[in-house]
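Remarks on the structure that follows.
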Amino acid sequence: MRSDIDIAQSCEPKHISEIAAAIGLSADQIIPYGHYMAKVPTSVVGKFGQNKQGKLILVTAMTPTPMGEGKTTTTIGLGQALSKIGKKTLIAIREPSLGPCMGVKGGAAGGGFSQVLPMEEINLHFTGDLHAITAANNLLAALLDNHLHQKREPYLNFRDIIFKRAIDMNDRSLRDIIAGCGGRGKNGVMREEGFEITAASEVMATLCLAKDLDDLKTRLGNIIVGYESVSKPVFARDLKAGGAMAALLKNAMLPNLVQTIEGTPVFVHGGPFANIAHGCNTLTATRTALGLADYIVTEAGFGADLGAEKFFNIKCRLGGLTPSAAVLVVTHRAWLLHGTENIAKHVENIRLFGVEPIISINKFVGDPEDGLETLKKECAALGVPAMITDFREQGSKGGLDFAEKVAALADKKPSFKLLYKDEDSLVDKITTIATKIYGAKEVIFTPDAKRSLKRITNIGFGAYPVCMAKTPASLSDNPKVPGRPKGFAVTVRDAKVSAGAGFVVVYTGDVMTMPGLPKDPAACHIDIDINGKISGLF
């Protein structure tokens, strides 16, 4: 089996102006970053972002195995297949984070003959968006510590600071640190501090849910950095940080235009994690795509209990989006681990939002044919259309009939609905998600969680949607419980308001915001030759 990078490097991409022309944009309506990448300027985003005509198709998945089920590959393959059958299509996905690329997960540009080009650029520095987000995040952190050092008003309790620094790398040593050491006060106020990976930062989530640059500046100012007292938050705007942060993010706000191996246009923009943040590409990219194409294929991270739930309850709620269909990615290996009951639960979860699913059985090399056919029968018995697809090895040809069925499903009038109301209490919102989406019997709130939720409500953020931080390995909050568990309790251990992003993060189990590198990091196998050719990326 050929590697992803070998396949990508064997392809000759089209000039980015040709890709832009396919969605009606002239050379003057893009900002080229070399020959094969471009930014879409504010004028285009503003014009087409208001013209929401296209049909939005979400790609999600059953509970995954640690190896992943090829959701991005399916997203890209489906987009290529829709283009091949004559549909004007645009794909909208997240940007990869350097941490997973250098760790164990690998990149996020798809796989095989269903991936995005230029693969190496996208998986490494790309157009610099994540670096800009990191810089904006750490500017706020620096202003915060200077505010403490200079003893400026409003008073900031150094024991009640919630904003962390960020770095786009897996580095467990930075999870908990002491800042301001040495210098007898010259190096700032000594306090406990820590880093998050950039993809888990509130600045990332804020950029991904901002409607435009002005909205971004307002949202950045709304970030709570800490508290003056139990009931009095201190915002980034109190530190006069919003303007400079927005200036650093000026270009990062613009969607990135690239292409698939087969030349289908793709927006790759924004990259929040789905087990911690909301796991979707930017609202600006999605809204712009809806004004430029007839069918927009997008994805949300991990299984439907995480990414899809947040896509519907957070992104669609805040962005006024109406999805037309959902593709549920199922694999033979995930089925062996979790069973048909797990698939049935994710089908049920999607239908709770009034969206009809269709199942893509993503074929991997080595999957037994008889096993795939049995899985197909099991899926069909759930009352959901199901087809075996092979987008990795065959590109668009691996799912042309499937694309026809997806388009037909998306063409039907949607009946989308949200799972809870804004005015529901935070406790009720959490309980609704835990019982209806996860299938929990009850929710246990620790004393810390109760205090945090009460404070968040008292300072005026009780109407926000909730963003559940939960393991992706199980429907429950215990990663060691596969399948469709029943009769379990979900434990909420804490909560934090992300006032800039516009949601409340609810922590269940032990979900870390800074991953670590594995025993054999992928970085140890990445290399570059004298001609600049990169190897080892996957």
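The values are calculated or read from the model by the stated rules, or taken from the named source; none is laboratory data. Predicted, not measured: the structure shown is a model, and the values here were computed from it. Using ideal geometry, Cβ is built from the backbone for each residue, glycine included, and neighbour counts are taken over all protein chains shown.
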Practice task
Go through the range 216-229 residue by residue and tally those that are more than 20 Å from the chain's Cα centre (by Cα) and under 19 Å from TYR464 (Cβ atoms).
Solution key: 7
Practice task
Say whether the condition of being more than 28 Å from VAL234 (Cβ to Cβ), among the charged types (D, E, K, R), touching a residue at least 24 places away in the same chain (Cβ under 8 Å) and touching a Ser or Thr at 6+ places or on another chain (Cβ under 8 Å) is met by at least one residue in the range 455-465.
Solution key: no
Fill in the blank from the handout: If we take the range 186-250, then helices (runs of 4 or more DSSP H) inside it with 2 or more residues that are buried (at least 24 other Cβ atoms within 10 Å of the Cβ) are 202-209, 213-221
Problem - Failed criterion for PRO485 (all others in (1) under 22 Å from LEU418 (Cα atoms); (2) touching a Phe, Trp or Tyr at 6+ places or on another chain (Cβ under 9 Å); (3) in contact (Cβ under 8 Å) with a residue 40 or more places away in the chain; (4) in a loop (DSSP other than H, G, I, E, B) hold) - result: (1)
Exercise for the section: Inspect the range 404-417 for any residue being touching a residue at least 60 places away in the same chain (Cβ under 8 Å), within 30 Å of GLY487 (Cβ to Cβ) and not assigned by TED's automatic domain parsing to the domain that holds ALA8 and give the result as yes or no. Expected result: yes
Handout entry: Only one of THR65, THR42 that is under 20 Å from ILE359 (Cβ atoms) and in contact (Cβ under 8 Å) with a residue 12 or more places away in the chain
Key = THR65
Problem - Evaluation of GLU121 against (1) assigned by TED's automatic domain parsing to the domain that holds ASN281; (2) modelled with pLDDT of 95 or more; (3) not basic (Lys, Arg) (one fails), failing number - result: (2)
Exercise for the section: Give the residue, chosen from ASP520, ASP477, that is within 28 Å of LYS441 (Cα to Cα), assigned to a loop (DSSP other than H, G, I, E, B) and not assigned by TED's automatic domain parsing to the domain that holds VAL203. Expected result: ASP477
Problem - Matching residues, the range 516-538, being surrounded by 14 or more Cβ atoms within 10 Å (Cβ to Cβ) and in contact with a strand residue (DSSP E or B) (Cβ under 6 Å, 6 or more places away or on another chain) - result: ILE534, SER535
Problem - Exclusive hit being in a helix (DSSP H, G or I) and closer than 15 Å to ASN342 by Cα, set ILE437, ILE430 - result: ILE437
Practice task
Scan the range 150-175 for residues that are surrounded by fewer than 19 Cβ atoms within 10 Å (Cβ to Cβ), of a type in the set (A, V, I, L, M, F, W, C), assigned to a loop (DSSP other than H, G, I, E, B) and in contact with a helix residue (DSSP H, G or I) (Cβ under 7 Å, 6 or more places away or on another chain) and report the count.
Solution key: 0
Practice task
Kindly provide the set of residues from the range 302-320 that are outside any helix (DSSP H, G or I) and either under 18 Å from VAL406 (Cβ atoms) or touching a His at 6+ places or on another chain (Cβ under 8 Å) (or both), ordered by number.
Solution key: GLY303
Exercise for the section: Give the residues of the range 17-53 that are within 19 Å of ILE296 (Cα to Cα), among the aliphatic types (A, V, I, L, M), in a helix (DSSP H, G or I) and over 24 Å from the mean Cα position of the chain (by Cα), sorted by residue number. Expected result: ILE19, ALA20, ALA21, ALA22
